[in-house]
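Novice: After the structure tokens below, expect a handful of questions from me.
Each reported figure results from applying straightforward, stated rules to the coordinates on display, with no laboratory input. Keep in mind that this is a model prediction, so the values were computed, not measured.
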Amino acid sequence: MKEKIHPQYFTDAQVVCVCGNTFSTGSTRKVLKVEKCSKCHPFFTGEHKILDRAGRIERFKRRYRIKE
């Protein structure tokens, strides 16, 4: 490996979320600012909305009169 071409790696980099949650990780930046984290993302908090695909398929078939 060549010397002096790699960025400095911080093993204790801080991740700061908009919601106020902070945790540490490894990164080439000392502080990372993010908009979503596991504490506020809808998928992890249970607010994730599951779409009804069966209804969409039926509506598509009715619209274009597709027979099975």
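Novice: Which whole-number percent gives the relative contact order of region 10-64, counting Cα pairs below 8 Å spaced six or more residues apart?
Specialist: Answer for region 10-64 is 26 percent.
Novice: Name the long-range amide H neighbours of Leu32: under 5 Å, sequence gap of 5 or more, or other chain; modelled H, no Pro or chain starts.
Specialist: So Leu32 has HN proximity to Gln14, Val15, Val16.
Novice: For Val18 and Glu3, compute 0.36 nm times the residue count separating them, minus their Cα-Cα distance, and round to one decimal in nm.
Specialist: Between Val18 and Glu3, full extension yields an extra 1.7 nm.
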